[in-house]
Amino acid sequence: MSSAVGKTKKLQITSQKEFDSFIENLPYSPSDTIELNTDIDAASLSSTTRNFYGYLNGNNHKIKNLKYPLFSNVYGIINSLVIDENGYIRLAYDTGTICAYNYGIIKNCINNAEISFYSVNSEKGAVIGGICASNHGSIINCKNSGTIKATYDYNNINNAISCGGITGYNNGSIVYCENQGKITTSSSYISLTGGICGNLQGGKILGNSNRGTITSTVKYPSESSSIQETGGIVGRSQANSLINRCYNYGEISNNGQYVGGIAAKVSKTNMFNLINKGNVTSTLAEGYSCASGIVAEINNVDKKMRFFNCINHGSISSK
């Protein structure tokens, strides 16, 4: 049932039929409010583009049998949605559960579904996250408990896989989020993997934690064209980013260049108040590797980065 006040819609979803009608009538305007008052079966949703601009309050109801991201692009606010554990997203392009690309606000959402990514022919690389693929807005107080398995087997040295428990790529803000899911990534040459975010570019990571095991492998780890950056919170961080008040408890390992309890490789990034309690392991048998409790390599050529109050309790090992 819906009502309209001027041009503003207020939609109460109390049945599967009303939810299906809501999806069919997308997009809604930024001033519209949608209240979800029942669990929903999303098995019939296809990969058709779905953009959302309004305010959706999920009231902690479950989205069951999700096979595709619920939305393609979010420009509004998504609050208190739960993606059920019987969801299974198996795609070969940029993917998340709530959406592929977030330009708005996603808060108080939980993903329990499994994500399985596999591609051998994508020339654009791959971006995968438990909540969304790419975040350009804000993600607040969200949690991923679902397993993420991502394989990008495209033999081109210029393309990368970016994968994170919350988002694969971030130039927005991720605040008070947690990853509990196991993350496993595999790539031919380039892999950027983090418990919260794989590739941080000019964004903020504040008050986040990772408890999931993170394992990354590349097919050609000893070749000079191979790049592998694996971290408990962030894989790669650049472009005036900030990582503050974050914790890693999960085991972090890779078979390539850089592996860190908090981050793998950073530049132009301030890092404050960080604690790692997870074990960090590099399994590279030959060639060059860096393993560290906090960050494997810092590029601070302009001497403007600030780095303080960081503690490592985890064991560090390398072949």
Notebook entry, point to check: Hey, any hits in segment 88-109 for a residue that's among the β-branched types (Val, Ile, Thr) and free of Cβ contacts under 8 Å to residues at least 24 places away in the same chain?
Noted result: no
Next item on the list: Please work out if Ile316 is under 20 Å from Gly202 (Cβ atoms) and of a type in the set (Val, Ile, Thr).
Entry: no
Next item on the list: Only residues that are at pLDDT below 95, open to solvent by 10 Å² or more (accessible area, probe 1.4 Å) and closer than 17 Å to Lys319 by Cβ: list them for segment 224-257, please.
Entry: Asn255, Gln257
Next item on the list: Scan segment 39-53 for residues that are in contact with a strand residue (DSSP E or B) (Cβ under 6 Å, 6 or more places away or on another chain) and in a loop (DSSP other than H, G, I, E, B) and report the count.
Entry: 4
Note to self: Go through segment 254-311 and report how many residues are over 22 Å from Asn171 (Cα atoms), among the basic types (Lys, Arg) and in contact with a Cys (Cβ under 9 Å, 6 or more places away or on another chain).
What the structure shows: 0
Next item on the list: Could you tell me whether segment 44-53 includes any residue that is open to solvent by 10 Å² or more (accessible area, probe 1.4 Å) and modelled with pLDDT of 95 or more?
Entry: yes
Item checked: Positions within segment 201-223 being under 21 Å from Lys124 (Cβ atoms) and not in a loop (DSSP other than H, G, I, E, B), in sequence order -> Gln201, Ser216, Val218
Notebook entry, point to check: Looking at segment 19-36, is at least one residue touching a Ser or Thr at 6+ places or on another chain (Cβ under 6 Å), of a type in the set (Val, Ile, Thr) and not in a strand (DSSP E or B)?
Noted result: no
Checklist line | Matching option when the condition is touching a Leu at 6+ places or on another chain (Cβ under 7 Å) and in a strand (DSSP E or B), among Ser134, Ser162 | finding: Ser162
Check: Got a number for residues in segment 122-180 being modelled with pLDDT under 95, hydrophobic (A, V, I, L, M, F, W, C), open to solvent by less than 10 Å² (accessible area, probe 1.4 Å) and more than 24 Å from Tyr75 (Cβ to Cβ)?
Finding: 2
Margin query: Suppose the filter is of a type in the set (Lys, Arg) and within 18 Å of Thr167 (Cβ to Cβ); does Lys67 pass it?
Written below: no
Margin query: Given the options Gly235, Gly314, Gly287, Gly256, name the one that is within 16 Å of Gly194 (Cα to Cα) and outside any strand (DSSP E or B).
Written below: Gly256
Check: What are the residues in segment 297-315 that are at pLDDT 95 or above and either buried (at least 17 other Cβ atoms within 10 Å of the Cβ) or at positive phi (or both), if any?
Finding: Asn309, Cys310, Asn312, Gly314
Check: Residues Gly278, Gly198: which one is assigned to a loop (DSSP other than H, G, I, E, B) and crowded, with 17+ Cβ neighbours inside 10 Å?
Finding: Gly278
Notebook entry, point to check: Within the set of pairs 6+ apart or on separate chains, which have a first residue in segment 206-219 that is under 14 Å from Gly261 (Cβ atoms), a second that is among the hydrophobic types (A, V, I, L, M, F, W, C) and open to solvent by 10 Å² or more (accessible area, probe 1.4 Å), and C-beta atoms under 9 Å apart?
Noted result: Asn208/Val175
Note to self: Kindly evaluate Ser186 against the criterion of being touching a Phe, Trp or Tyr at 6+ places or on another chain (Cβ under 8 Å) and touching a residue at least 24 places away in the same chain (Cβ under 8 Å).
What the structure shows: yes
Note to self: Considering only segment 113-121, I want to know if a residue exists there that is under 17 Å from the mean Cα position of the chain (by Cα), under 20 Å from Gln16 (Cα atoms) and not aliphatic (A, V, I, L, M).
What the structure shows: no
Note to self: I'd like the full set of residues that are touching a Gly at 6+ places or on another chain (Cβ under 7 Å) and either small (Gly, Ala, Ser) or within 18 Å of Asn273 (Cβ to Cβ) (or both), limited to segment 231-245.
What the structure shows: Gly231, Gly232, Ile233, Val234, Gly235, Ala239, Ser241, Arg245
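The values are calculated or read from the model by the stated rules, or taken from the named source; none is laboratory data. Note that the coordinates shown come from a computational prediction; the quantities given were computed from them, not determined experimentally. Note that we place each Cβ from the backbone using ideal geometry, even for glycine, and neighbour counts take in every protein chain shown. Side chains included, ligands, DNA and RNA excluded: accessible areas come from the protein's heavy atoms. Shrake-Rupley method; radii C 1.70, N 1.55, O 1.52, S 1.80 Å.
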